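The values are calculated or read from the model by the stated rules, or taken from the named source; none is laboratory data. Fair warning: this is a prediction, and the values are worked out from it, not measured in the lab. Because the Cβ atoms are built from the backbone with ideal geometry, glycine has one as well, and the counts that use them run over all protein chains shown. Keep in mind that these areas ignore ligands, DNA and RNA; they rest on the heavy atoms of the full protein, side chains included. Shrake-Rupley method; radii C 1.70, N 1.55, O 1.52, S 1.80 Å.
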Amino acid sequence: QLMDRVFPPPCVTLRNCPMMRSRPSFQQFVDQISTQDFAEMNEHWAPQTYLCGVGLFPYDFVGKLEDIATHAPKVIKWMANGRESHFPTQEEIKFSSMGANEQMNQFYNEEIKKKVYQTFSEDFSRLQYAA
């Protein structure tokens, strides 16, 4: 179902979609979603600023998964009304790294980087990510 939302009509079903006779390359995936309206995108890859209304809602804190070790304890303390609370580490919950950082060069060439930046420029800017 996810891919039905990436490859819209004439790809009404994945079975009938010429692009889906084989798994799309990362380049094809990026090319397709870069042409979609944010409202049409699946929430797994839609811009976070769009999904969360960043700029429309007056957030006083925006945490990042990359900074979970420092952000989560602050949020938990706030939620616990000032009481200290422990947030488990990646090691404690036995969630091993997927090695995404190491795989970046395998999937991202300069053309893809540029298209991703253009598509998600609001996220890069408002959420303070390096281009």
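For the range 64-85, name all the residues that are touching a helix residue (DSSP H, G or I) at 6+ places or on another chain (Cβ under 8 Å) and either open to solvent by 100 Å² or more (accessible area, probe 1.4 Å) or of a type outside the set (Gly, Ala, Ser) (or both).
Within the range 64-85, the subset touching a helix residue (DSSP H, G or I) at 6+ places or on another chain (Cβ under 8 Å) is 64, 83-85.
64, 83, 84 - these are the residues of the range 64-85 that are touching a helix residue (DSSP H, G or I) at 6+ places or on another chain (Cβ under 8 Å) and either open to solvent by 100 Å² or more (accessible area, probe 1.4 Å) or of a type outside the set (Gly, Ala, Ser) (or both).
Just to be sure, is residue 46 more than 18 Å from residue 115 (Cα to Cα) and of a type in the set (Gly, Ala, Ser)? Criteria not met by residue 46.
Quick grid of which residues meet (1) touching a strand residue (DSSP E or B) at 6+ places or on another chain (Cβ under 7 Å); (2) at pLDDT 85 or above; (3) farther than 14 Å from residue 127 by Cα:
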site	(1), (2), (3)
34	no, yes, yes
40	no, yes, yes
51	no, yes, no
54	no, yes, no
59	no, yes, no
67	no, yes, no
77	no, yes, yes
87	no, no, yes
94	no, no, yes
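In the range 91-125, which residues are of a type in the set (Asp, Glu) and either under 16 Å from the mean Cα position of the chain (by Cα) or open to solvent by less than 80 Å² (accessible area, probe 1.4 Å) (or both)?
Here is the first cut: in the range 91-125, the ones of a type in the set (Asp, Glu) are 91-92, 102, 110-111, 122-123.
Matches in the range 91-125: 122, 123.
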